[in-house]
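Asks: Once you've had a glance at the structure underneath, I'll fire off some questions.
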Amino acid sequence: MDVERYDRTRPAYPPELVDHLVAAAPGRETLDVGVGTGIEARQFQAAGCHVLGVEPDARMAEFARQSGIDVEVAKFEDWEPAGRRFDLLVSGQAWHWVDPVAGAVKAAEVLRPGGLFAAFWHVPEPPEEVANALADAYRRLVPDAPIDLKSVPKQPSDPYGPLIVKVADGLREAGGFAEPERSRYDWDRVYTRDEWLDQLPTFGSLTWVESTVRQEILAEVGAAIDRMGGRFITRYATVAITAVRG
């Protein structure tokens, strides 16, 4: 994983989501689980929060530290809070790596009464021309790939629905939380050819592909974007699940 590329190209979260979570929490002490390179942590920091990150990947943790975020390297389930308590626990694009029950138990342990748990994810949907160019090139050039991008559905009406159900069940089983709530934020982002091709190698389907093959795939996607005039709009849905600590 190219950590600098990941941080440079992955999108930030909707300001409305950040503002809502900050306003709903009883204070500003924030724990970011799976902080990664610090994308959402910097947003919450800018909103007035004091953020501590927990991150199992030492390379990402070091990058986040360089941008001014305090980070401790550990899996969240194994992390030692040492008596510290927080008003807000956030996890952007990361809670699916956490055990849903053990993670929820740890979240209940570290949140103050009235504290807020919030996990959220992005779901991008580029235009068909761009998505099909990637899927066609991927199928032809990586025939042994474990996934077929052509079979990946478009943005569903309930993005990450099964995952959010699993997270909600984990919170309920752990106990100590009010009934989980869902929210969704729809937004658009304009990408240039170079911006999209810069981000694509951070996607799981391409991170493991041999470099020369990856470059061929990117060239074909780039050609499709050129035929569209060199830029396009990607629709995003950001979905969140929140729960208040009792």
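The values are calculated or read from the model by the stated rules, or taken from the named source; none is laboratory data. Given the structure is predicted, the values throughout are model-derived calculations rather than measurements. Cβ: placed from backbone, ideal geometry, glycine included. Neighbour counts: every protein chain shown. What goes into the accessible areas is simple: the full protein's heavy atoms, side chains included, and nothing from ligands, DNA or RNA. Shrake-Rupley method; radii C 1.70, N 1.55, O 1.52, S 1.80 Å.
Asks: Val209 is checked against (1) among the aliphatic types (A, V, I, L, M); (2) part of a helix (DSSP H, G or I); (3) touching a helix residue (DSSP H, G or I) at 6+ places or on another chain (Cβ under 9 Å) and fails just one. What number does that condition carry?
Replies: The single condition Val209 does not satisfy is (2).
Asks: Among the residues of segment 44-80, write down those that are buried (at least 17 other Cβ atoms within 10 Å of the Cβ) and small (Gly, Ala, Ser).
Replies: Gly53, Ala61, Ala64
For every residue, the table says whether it meets (1) modelled with pLDDT under 95; (2) more than 26 Å from Leu200 (Cβ to Cβ); (3) open to solvent by 60 Å² or more (accessible area, probe 1.4 Å).
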{"residue": "Ala82", "(1), (2), (3)": "no, yes, yes"}
{"residue": "Asp87", "(1), (2), (3)": "no, yes, no"}
{"residue": "Gln93", "(1), (2), (3)": "no, no, no"}
{"residue": "Phe120", "(1), (2), (3)": "no, no, no"}
{"residue": "Ala145", "(1), (2), (3)": "yes, no, no"}
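Asks: Sticking with this one: Would you pick out the residues in segment 204-246 that are of a type in the set (Phe, Trp, Tyr) and either touching a Pro at 6+ places or on another chain (Cβ under 8 Å) or surrounded by 18 or more Cβ atoms within 10 Å (Cβ to Cβ) (or both)? Spell out the reasoning first.
Replies: To start, the set of residues in segment 204-246 that are of a type in the set (Phe, Trp, Tyr) comprises 208, 232, 236.
Residues satisfying the conditions are Phe232, Tyr236.
Asks: So, one more: Please work out which residue is surrounded by the fewest Cβ atoms within 10 Å (Cβ to Cβ), limiting yourself to segment 172-185 and to residues that are within 25 Å of Ala12 (Cβ to Cβ) and of a type outside the set (Lys, Arg).
Replies: Applying the first criterion (within 25 Å of Ala12 (Cβ to Cβ)) to segment 172-185 yields 180-185.
From the residues that got through so far, the ones that are of a type outside the set (Lys, Arg) too are 180-181, 183, 185.
On the way: Pro180: 20, Glu181: 12, Ser183: 15, Tyr185: 17.
My answer is Glu181.
Asks: Of all residues in segment 186-203 being closer than 16 Å to Ala224 by Cβ and of a type in the set (S, T, N, Q), which is most open to solvent (accessible area, probe 1.4 Å)?
Replies: Checking each candidate, the answer is Thr192.
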